[in-house]
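K.L.:
Below you will find the structure I want to go over with you.
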Ligand SMILES: Cc1cc2nc3c(=O)[nH]c(=O)nc-3n(C[C@H](O)[C@H](O)[C@H](O)COP(=O)(O)OP(=O)(O)OC[C@H]3O[C@@H](n4cnc5c(N)ncnc54)[C@H](O)[C@@H]3O)c2cc1C
């Protein structure tokens, strides 16, 4: 399927745009689930000023969605109407600063930031090596693993709002809770400043190796988006899913992982609808079995086919 092409109209309204703006760009290639339809318009800004210019000139009635590495997204089969923004070059610098601080562009993968901090002897960021997304996704999701969470290390983030105004968000402004930030959904984060602490490079490397070992032993890594549902307070989502008899359950080409039953897998030819239907089936069964309503951790964007 294809959306009407809005790119010529947008380009005419933004003569000074420097980034790449493409019509009907497939998103299944970027999605970790390898499913989903196209972006009506796909924008990769050249830098923060270009992003701000784009947002200032984007008509208010055109929907706006930002994606990172798509490791926490079901992109629906009908694609995403409006503009999908993805940050790339221009947002992927990482710098170690005085006082064990790390400044990172939001297109940087979490693991690359952890890898930059390690030889510099900056401890406290190793947990990022276990999260396969980008810094933008970590800021939005309050990504966390193995005892660390983004909120524990964030000093401040920069972000552009829907009107193109760029400002700094302090840690408190981010309104963090478990896998959630209360900053408006249409704010696009461009940079993060993290506070680490003094550490021994070898000890940090050993910590990262241990995280890698544990993840490889316990998690599937392909065509999945990791944990599907948030852990309800005091409970583990995977245990509730297991108790409801959902381990290995399939819908079309989608399956509840046998290895880690809070993970959904695309076995090869799943549609986004298969994956979302499987997730909703799991929610229903868990509700019937334990009375608990699981909340999606994975974000769903776009429209059905
Ligand atoms: C195998 C596997 C294991 C995982 N393990 C973990 C884990 O241990 N802990 C954990 O927390 N997560 C885990 N995840 C989920 C995922 O990696 C995280 O949620 C990650 O932070 C998402 O980052 P992303 O760049 O892929 O974001 P996306 O999936 O692209 O987007 C997720 C959300 O972030 C928003 N977003 C992305 N970039 C920006 C930006 N620049 N500005 C504003 N909003 C933005 C999107 O709009 C969307 O709402 C795992 C995923 C996989 C596939």
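The values are calculated or read from the model by the stated rules, or taken from the named source; none is laboratory data. Since the model is a prediction, treat every value here as computed from it, not as a measurement. As a convention, Cβ positions derive from the backbone with ideal geometry for all residues, glycine included, and neighbour counts pool all protein chains shown.
K.L.:
Of the residues 21, 17, 10, 55, which is part of a loop (DSSP other than H, G, I, E, B), over 19 Å from the mean Cα position of the chain (by Cα) and farther than 20 Å from residue 132 by Cβ?
P.N.:
Testing whether each residue is part of a loop (DSSP other than H, G, I, E, B), over 19 Å from the mean Cα position of the chain (by Cα) and farther than 20 Å from residue 132 by Cβ leaves just 17.
K.L.:
Does any residue in the range 44-70 that is in contact (Cβ under 8 Å) with a residue 24 or more places away in the chain and under 16 Å from residue 14 (Cβ atoms) come within less than 7 Å, Cβ to Cβ, of a residue that is away from the ligand (no atom under 16 Å from the Cβ) and not in a loop (DSSP other than H, G, I, E, B) six or more places away or on a different chain, and which pairs are these?
P.N.:
Pairs found: 44/20; 57/13.
Results for (1) in contact with a helix residue (DSSP H, G or I) (Cβ under 7 Å, 6 or more places away or on another chain); (2) farther than 22 Å from residue 107 by Cβ, shown as yes or no for each residue.
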site	(1), (2)
189	yes, no
202	no, yes
240	yes, yes
244	yes, yes
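K.L.:
Return the residues of the range 35-46 that are buried (at least 18 other Cβ atoms within 10 Å of the Cβ) and in a loop (DSSP other than H, G, I, E, B); say none if nothing qualifies.
P.N.:
35, 36, 37, 45
K.L.:
Taking only the range 183-216 into account, find how many residues are within 13 Å of the ligand (Cβ to nearest atom) and outside any strand (DSSP E or B).
P.N.:
Final tally of qualifying residues: 10.
K.L.:
What are the residues in the range 64-78 that are within 15 Å of residue 279 (Cβ to Cβ), within 6 Å of the ligand (Cβ to nearest atom) and part of a strand (DSSP E or B), if any?
P.N.:
73
K.L.:
If you don't mind, another one. Given the structure, is residue 49 away from the ligand (no atom under 13 Å from the Cβ), modelled with pLDDT of 95 or more, surrounded by fewer than 22 Cβ atoms within 10 Å (Cβ to Cβ) and not in a loop (DSSP other than H, G, I, E, B)?
P.N.:
The answer is yes for residue 49.
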